[in-house]
Amino acid sequence: MTESECVIATALVKGILAGDAAAELQMIERYKRGLRYVLRRKCHDLDLTADISQETWRIVIERIRNNELREPAKLSAFILQTAKNQLLMHFRKNDIKRQQTGMGEALESEYSGPSTQSPEDALERHNLGLLVQTVIKELNTPRDRELLHRYYIHEQDKSLICNELNVNAKNFDNVLYRCKQRFKTLWLAVMEDN
C-alpha cells in the first residue's frame, strides 16, 4: 500500500468519525470497484453480490462511526475482509438451512464439500461448479451441452446417455472427447476474459 493511499484512507476514516456524510460517500466511491471485483470472483450471482456489497458498506460505516477500526490506514483491507466474512456467513447460513430442511446429502455435499473442507474452499468449489455449468450452457451444440451435463454433472451411466441421445456406444468416448475439447476451448476463452 502506498503512502498516499494510507493518507487518503486515514483522512476518510477521520471524516466519517467527525460525522461527515460526504466522507462516507467518498469512501464508497473510492473502494466500490475493488469490492465488486472481489465479490464477483468469489460469487457469480449478481443479486447476491449486490446484497453482500450493501451489507458490507453498512457494517463498515457502522464500525467506523463507533471508532472500532484499529488501523485507519488499512481501510481497504478492512472493507474486503468484511465482505468476505459476510459472504461466508451467507453460505454457512444457507448450509444450515439446507441441513435443517433435510434437502439431502447430495445438495449438502454439492455446497459444503467434505467436512474437512474450509468454508473458503467450499465457496470456491461451489463457485467453480457454477462457472462450469455456465460455460456448458454457452456451448453452441445442444448435444454437447446435454452430454456433458448428463455425464459430468448428473453422473449418468454411459448406456443411458447413449440410448437417450442416440449415440453409438462404440463411439461414445470419441464423441465425449470432442465435446470436452470444445468445452476446453470455450473455458480457456472465459478464463482469459476474467
Inset, instruction - In vacuum, with every alpha carbon of the range 1-87 counted as one equal point scatterer, what does the Debye formula give for log10 I(q)/I(0) at q = 0.12, 0.21, 0.26 Å⁻¹? Two decimals, please. - result: -0.33, -0.96, -1.34
Inset, instruction - Would you mind calculating the gained length between Ala11 and Arg40 on full extension (0.36 nm times residue separation, minus the Cα-Cα distance), in nm to one decimal? - result: 7.6 nm
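Read the figures in this text as sums done on the coordinates, not as results from a lab. Everything quoted here is computed from the prediction, not taken from an experiment.
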